[in-house]
Amino acid sequence: MSYVIAGYTITLVTLGAYTLSLIVRLRKMRALGRKNKS
Amino acid sequence: MRRTVLRLLGPIALVLVIADVIMGLFVTPPDVVQGEIVRLVYIHPALAWVALYVAFGMAALCSVLYLWPRTRSMTFDYLAAAAVEVGVVFTILTLITGSIWGRTTWGVWWTWDARLTSTALLAVMFMGYLALRRVPADPHVRARRCAVVALFAAVDVPIVHFSVIWWQTLHQGATVLNSNLSPTIHGSMAWTLLLSFVAFTAAYAWMVIARYRIEVIRHSGDTQELDAAVEARKAEGVAL
């Protein structure tokens with residue numbers, strides 16, 4: 001069962017971290033876009 | 001309507017993934033032969049499905065649409081870039097979860113099996129694609145180069161799919177889409193497997209949309225700078 005938990009943990013943590021990185025990058029880009037317009 | 005769907009996609013994907021984890025870990029029974037390790041079936045094939053067929057399939061399609069003169073648009077280049085980046089993440093997770101499964105069933109973390117090797121090669125080729133995108137060049141030149149590389153790399157997708165048929169491999173054949181089209185998995189296990197495919201595809205869709213938006217905003221900045229530079233040159237009296 002420890003192998004299963006390891007597989008699920010690696011998958012969920014990686015996808016979660018990647019999702020967070022996308023959200024942060026998107027917010028940064030939107031802020032930069034607004035700055036450029038003004 | 002479209003905005004509502006896009007806003008709901010993230011929460012829907014999250015709920016589906018959580019449901020898949022709960023079903024996979026706590027509801028479905030252990031397998032008669034494999035025991036508890038079979039629970040990896042509720043993440044590993046779905047990750048592979050998204051990486052190989054959805055992400056790299058979309059990258060190949062967008063690359064063809066970019067290279068085709070009638071449909072040439074930077075939108076397809078941005079979509080291909082988004083699909084490849086997310087696809088590489090899913091491919092690496094496919095290899096890691098497959099390796100964990102291999103350790104318990106075959107006794108090794110890695111073997112140079114045709115399915116494993118061709119999948120690793122696919123990951124390396126699409127990482128090369130992402131590296132190529134970072135090489136400074138005119139946007140259309142870069143888009144053309146990347147589209148050609150994506151199509152070249154996508155040739156490996158059918159090789160990965162048919163590797164278990166063409167060669168003697170340790171990796172098992174298809175469970176659902178086998179040659180008889182008769183799934184060898186039933187009941188709650190089959191439903192949870194189906195749920196995993198839907199959940200990870202929804203998560204992929206949200207990620208690609210977010211990554212595509214980043215790409216569009218990033219390059220709209222480039223366009224604004226270029227427009228400003230052109231205007232400045234015109235003001236100087238340079239014929240452009």
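Numbers below:
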{"item": "Members of the range B:24-39 that are within 12 Å of another protein chain (Cβ to nearest Cβ) and assigned to a helix (DSSP H, G or I)", "result": "B:Gly24, B:Leu25, B:Phe26, B:Glu36, B:Ile37, B:Val38, B:Arg39"}
{"item": "Residues of the range A:1-16 satisfying the condition of being in a helix (DSSP H, G or I) and surrounded by 11 or more Cβ atoms within 10 Å (Cβ to Cβ)", "result": "A:Tyr3, A:Val4, A:Ile5, A:Ala6, A:Gly7, A:Tyr8, A:Ile10, A:Thr11, A:Leu12, A:Thr14, A:Leu15, A:Gly16"}
{"item": "In the range A:13-38, the residues that are within 7 Å of another protein chain (Cβ to nearest Cβ) and more than 9 Å from the chain's Cα centre (by Cα)", "result": "A:Leu26, A:Met29, A:Arg30, A:Leu32, A:Gly33, A:Asn36"}
{"item": "Given (1) farther than 30 Å from A:Gly7 by Cβ; (2) among the β-branched types (Val, Ile, Thr); (3) crowded, with 18+ Cβ neighbours inside 10 Å, index of the condition B:Thr71 fails", "result": "(3)"}
{"item": "Number of the exception - B:Arg39 against (1) under 14 Å from the mean Cα position of the chain (by Cα); (2) in contact (Cβ under 8 Å) with a residue 12 or more places away in the chain", "result": "(1)"}
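For (1) out of contact with any Pro (no Cβ under 6 Å at 6 or more places or on another chain); (2) of a type in the set (A, V, I, L, M, F, W, C); (3) assigned to a helix (DSSP H, G or I); (4) modelled with pLDDT under 90, each residue gets a yes or a no:
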| residue | (1), (2), (3), (4) |
| --- | --- |
| B:Asn178 | yes, no, no, yes |
| B:Ser188 | yes, no, yes, yes |
| B:Ala199 | yes, yes, yes, no |
| B:Trp206 | yes, yes, yes, no |
| B:Tyr212 | yes, no, yes, no |
| B:Gly221 | yes, no, yes, yes |
| B:Asp227 | yes, no, yes, yes |
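The values are calculated or read from the model by the stated rules, or taken from the named source; none is laboratory data. None of these values were measured; they are calculated from a predicted model. As a convention, Cβ positions derive from the backbone with ideal geometry for all residues, glycine included, and neighbour counts pool all protein chains shown.
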